[in-house]
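In what follows, a structure is listed as structure tokens, so that the remarks can point back to it.
The values are calculated or read from the model by the stated rules, or taken from the named source; none is laboratory data. Every value quoted in this text rests on a predicted model; they were computed, and no experiment measured them. FYI the Cβ positions are ideal-geometry reconstructions off the backbone, even for glycines, and counts take in every protein chain you see. Just the protein is used for accessible areas: all its heavy atoms, side chains included, with ligands, DNA and RNA removed. Shrake-Rupley method; radii C 1.70, N 1.55, O 1.52, S 1.80 Å.
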Amino acid sequence: MLDRLRRLEIETPSWGYGNSGTRFHVYPWPGAARNVWEKLADAALVNELTGVCPTVAIHIPWDRVDDWGELRRYAEGLGIRIGAVNPNLFGDDDYRLGSICHPDPAVRGKALERCLECVGIAEEVGSTLISLWLADGTNYPGQDDLRGRHERLLEGLQALYDRLPAGMRLLVEYKFFEPAFYSTDLPDWGTAALACRRLGGQAQVLVDTGHHPVGTNVEQIVALLLAEHLLGGFHFNNRKYADDDLIVGAIDPFELFRIMREIAAAGDDTRDVAFMIDQSHNVEGKIDAMIQSVSNIQTAYAKALLVDAGRLGAAQREGDVLGAHRVLMDAYETDVRPVLADVRRELGVPEDPVAAFRRGGYAEQRTIERGTSSVESAYETA
Ligand code: RM4
Ligand code: MN
Ligand code: MN
């Protein structure tokens, strides 16, 4: 069990280290990272304090630099690597009616170009993951032809897939609404899975835990995707109402446990699953929030690994409904803090990384170095 806990690596997102907010306001956080270099430095600190976050996802064009080799070397110098490359297909006036599903082939071409640029960037920085979320959809019934949009979606994804080098994977992320409010072109795991099936083995589904209607059984989606070898990765965060992007496990730690239980039960089948965080911080410190999320994922996983599979299987075979449920709850109710402290000691990191961050003067030092920059553009995250 300790070994599996040690091996769980969690990728943090560059965009989680900068200032972000809602469409109402962005409150500047003292010392928040102002560019991709500072974001990588913060991600490196999270890795130093947790020992399990060696990679950082980047978002293009938010993190675009002139020399990708230089960024790669900078990351490596900090003891981390660049992970998933996320093409941003929503931050441009041309995308009003969509990107790769847009009715105009010229806009579709531009969106594809952006994706192909990301494939090139991934090769240069040594990453094997392209992570794609589309803001495409429509706002009014009749606005566009739903089947036509689906066809354009598949065509666009195919054109991107055809250009993936060997060993690179395309992770297809779905979300049921927002920014479109009537139809979304990749609204659910089923649509994403159908698309990935058509594309082939290098395309898999990305489950963002905040992208479902309230009440959805997310762990069942995870179980089915695992069974079909279609689970490519996660964007972990927590939500109460919509795509709230709160820290992982903040609202519903039991759901997180149930999801990690499916991961624990699948064993080696999860070797290629990318465990990534996708959250945004409106009123809280960024690095602190990231460490708490990492720690909450480890807590849920540790509990999930404690489930007594033998007893559970026996209860299930006997039809002992509540007996089986109790086996699960036994694990969930176990205090795993001592186990996690052991793991961290072995990893050579502080037993309580949040406390270490808070005590360490890192936030104060960053505030002195970077100051507090107010943000003009309000809506940096979606
Ligand atoms: C979307 C989605 C994507 C993320 C953007 C910023 O809602 O979760 O994964 O990259 O937001
Ligand atoms: Mn996401
Ligand atoms: Mn989201």
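Within the stretch 133-160, restricting attention to residues that are within 16 Å of ligand 3 (Cβ to nearest atom) and not small (Gly, Ala, Ser), the residue that is most open to solvent (accessible area, probe 1.4 Å) is 133.
Candidates are the residues of the stretch 286-300 that are open to solvent by 10 Å² or more (accessible area, probe 1.4 Å) and closer than 26 Å to residue 226 by Cα; the one that is nearest to ligand 2 (Cβ to nearest atom) is 296. The residues listed here are 87, 141, 103, 165; of these, the one that is touching a residue at least 40 places away in the same chain (Cβ under 8 Å) and within 16 Å of ligand 2 (Cβ to nearest atom) is 87.
Considering only residues in the stretch 211-246 that are more than 17 Å from the chain's Cα centre (by Cα) and charged (D, E, K, R), the one that is nearest to ligand 1 (Cβ to nearest atom) turns out to be 240.
Restricting attention to the stretch 174-210 and to residues that are open to solvent by 10 Å² or more (accessible area, probe 1.4 Å) and in a strand (DSSP E or B), the residue that is farthest from ligand 1 (Cβ to nearest atom) turns out to be 183.
Would it be correct to say that residue 232 is part of a strand (DSSP E or B) and more than 23 Å from residue 103 (Cβ to Cβ)? So residue 232 passes the test. The residues listed here are 283, 273; of these, the one that is surrounded by fewer than 23 Cβ atoms within 10 Å (Cβ to Cβ) and farther than 21 Å from residue 224 by Cβ is 283. For the stretch 285-312, which positions are out of contact with any Phe, Trp or Tyr (no Cβ under 8 Å at 6 or more places or on another chain) and outside any helix (DSSP H, G or I)? Within the stretch 285-312, 306, 307, 308 qualify.
Among the residues of the stretch 348-371, the ones that are surrounded by fewer than 14 Cβ atoms within 10 Å (Cβ to Cβ) and part of a helix (DSSP H, G or I) come to 6 in all.
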